[in-house]
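Enquirer: One structure, as structure tokens, below. Some questions next.
The values are calculated or read from the model by the stated rules, or taken from the named source; none is laboratory data. Everything numeric in this text was worked out from a predicted model, so none of it was measured. Backbone-built Cβ (ideal geometry, glycine too); neighbour counts: all protein chains shown. Keep in mind that these areas ignore ligands, DNA and RNA; they rest on the heavy atoms of the full protein, side chains included. Shrake-Rupley method; radii C 1.70, N 1.55, O 1.52, S 1.80 Å.
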Amino acid sequence: MRWRWLAGPGEAAEVVVVFGGWAADAAPLAHLCGGRDVLFVWDWRDLDVDLPPLSQYRKRHLVAWSFGVAAYAHWQQGRALGFDRRVAICGSPVPVDRRLGIPPAVFARTRDRLSLAVLAAFLDRAGVPPVDAPDIATLREELDAVAARGAAPSCDWDAAVIATGDHVFPAANLQRVFAQVPTRMVDAPHAPFGLWRDWDEVLR
């Protein structure tokens, strides 16, 4: 697990912590604005990493996208860091599952056939810009770690966003897993951030 600041740290009163997706880096959300500091977290091979201190912020928001949903739910167990709002976007706390996540056969096919061409096709279907010099071996290790970690512990989500055009996490599966969470359905691919201009739209 690694992290870097996309905006800040500065004098902002609020911070958004983003647990990102697999293979995509921060490019899909780099255009979002809104006067908040933004901390981007990625690389789900090892979750035993602490975030920088965030106690100086008046409000702390958590946005988890794709595999970041399960990664955050695993990571937060046993940690006291609290968030004022937690939003899950196009991801599941049960990352590989026929009814609640990515169907195992689809996950296995992506993992076993992973190459530069397969990754490029995956990112294109997900609505994600191409990535410079991707490390295929590292990305495969990350998939293995996600699968081995399995379903995440229970986590209180304030909202979930489900994309009708998501070809990674089927919308029907996410509707089942977030049946008790206030949900927004959006007409978008797996990376729906192009629908929004600022963080207020993401967090609502």
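Enquirer: Quick one: count up the residues across the range 8-22 that are at pLDDT 95 or above and either in contact with a Gly (Cβ under 6 Å, 6 or more places away or on another chain) or among the small types (Gly, Ala, Ser) (or both).
Expert: 5
Enquirer: Could you grab me the full set of residues in the range 27-59 that are of a type in the set (Gly, Ala, Ser), assigned to a loop (DSSP other than H, G, I, E, B) and either touching a residue at least 24 places away in the same chain (Cβ under 8 Å) or crowded, with 17+ Cβ neighbours inside 10 Å (or both)?
Expert: Ala30, Gly34
Enquirer: Could you look through the range 149-180, keep only residues that are touching a residue at least 60 places away in the same chain (Cβ under 8 Å) and of a type in the set (S, T, N, Q), and pick out the one that is most open to solvent (accessible area, probe 1.4 Å)?
Expert: By that ranking, first place goes to Ser154.
Enquirer: List the residue pairs whose Cβ atoms are under 8 Å apart, where the first residue sits in the range 181-204 and is in a strand (DSSP E or B), the second is hydroxyl-bearing (Ser, Thr, Tyr) and surrounded by fewer than 21 Cβ atoms within 10 Å (Cβ to Cβ), and the two are 6 or more positions apart or on different chains.
Expert: Once the first residue is in a strand (DSSP E or B) and sits in the range 181-204, its partners that are hydroxyl-bearing (Ser, Thr, Tyr) and surrounded by fewer than 21 Cβ atoms within 10 Å (Cβ to Cβ) give Met185/Thr164; Val186/Thr164.
Enquirer: Right, next: So is Gly101 touching a helix residue (DSSP H, G or I) at 6+ places or on another chain (Cβ under 8 Å), closer than 22 Å to Arg197 by Cβ, of a type in the set (Gly, Ala, Ser) and modelled with pLDDT of 95 or more or not?
Expert: no
Enquirer: Looking at Gly21, is it touching a residue at least 24 places away in the same chain (Cβ under 8 Å), under 18 Å from His61 (Cβ atoms), touching a Ser or Thr at 6+ places or on another chain (Cβ under 8 Å) and not β-branched (Val, Ile, Thr)?
Expert: yes
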